[in-house]
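Below you'll find the structure, written out as structure tokens, and then a few comments.
The numbers here are math on the coordinates, done by the rules we state, and not lab data. This structure is a prediction, so every number in the text was calculated from the model and none was measured. Cβ placement follows ideal geometry from the backbone for every residue including glycine, while neighbour counts extend to all protein chains displayed.
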Amino acid sequence: MSSERIRKDLSTDNSVAMFANEPVKFEPGETYAYNNFAYVLVAAVIEAESGQPWNEFLVERFLNPNDMNTINAYFDGEIVPVRVVGYEGAMDDFANASFISMTQTHTAGALTATALDVDQWQQKLHGGELTSVVRSISMPMNWIG
């Protein structure tokens, strides 16, 4: 991906269009392979069914009710106190990381959170507190209405 292309903001529709004509590698249920595009498709479904941007739906329906109030989509222009910045380069030749639009990573990596909320997520997930929420999200569209 060229350095200029990765800096461009993309909507969910733009992101879907980038991969819409790619060939399917296997039939659903045949095997498992991680890919970021699957998360973009989940966002597209959330937005189409709820009428809200994916991150607003996530915050309102899942994160805030579970007291995880600092997790949200990463907006490039937003000033976030104590934000940690990235670096790139070799161990002996660091530089500030080049800018990329976080809309490029979309639902596959555009969230930010405090360490405390990440810890709370882990505790609730592994303690079983999120089991019913996660189960309901995996059921066809009953979690949107």
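Comparing Val40, Val24, Val118 in a Gaussian network model of the chain where C-alpha atoms under 10 Å apart are linked, the largest mean-square fluctuation is found at Val24. Scanning residues 5 or more positions from Leu111 or on other chains, those with amide H under 5 Å from its amide H are Tyr74, with H placed 1.01 Å from N in the peptide plane. Taking the Kirkwood radius as Rh and the Cα radius of gyration as Rg, the stretch 62-126 has a ratio of Rg/Rh equal to 1.04. So, R0 is 41 Å and r is the distance between the beta-carbons of Glu60 and Asn21; what FRET efficiency does that work out to, to 0.05? E between Glu60 and Asn21, to the nearest 0.05, is 0.80. Ignoring the sites themselves, the chain has its longest run without trypsin sites (Lys or Arg not before Pro) in a DSSP loop having at most 11 other Cβ atoms within 10 Å at 84-145.
Under 5 Å from the amide H of Gln104 lie the amide H atoms of Leu10, each residue being 5 or more positions distant or on a separate chain, with H modelled from the backbone and absent for Pro and chain starts.
Size estimate for the stretch 5-138 follows the Kirkwood approach: the inverse of mean 1/r over distinct Cα pairs works out to 17.1 Å.
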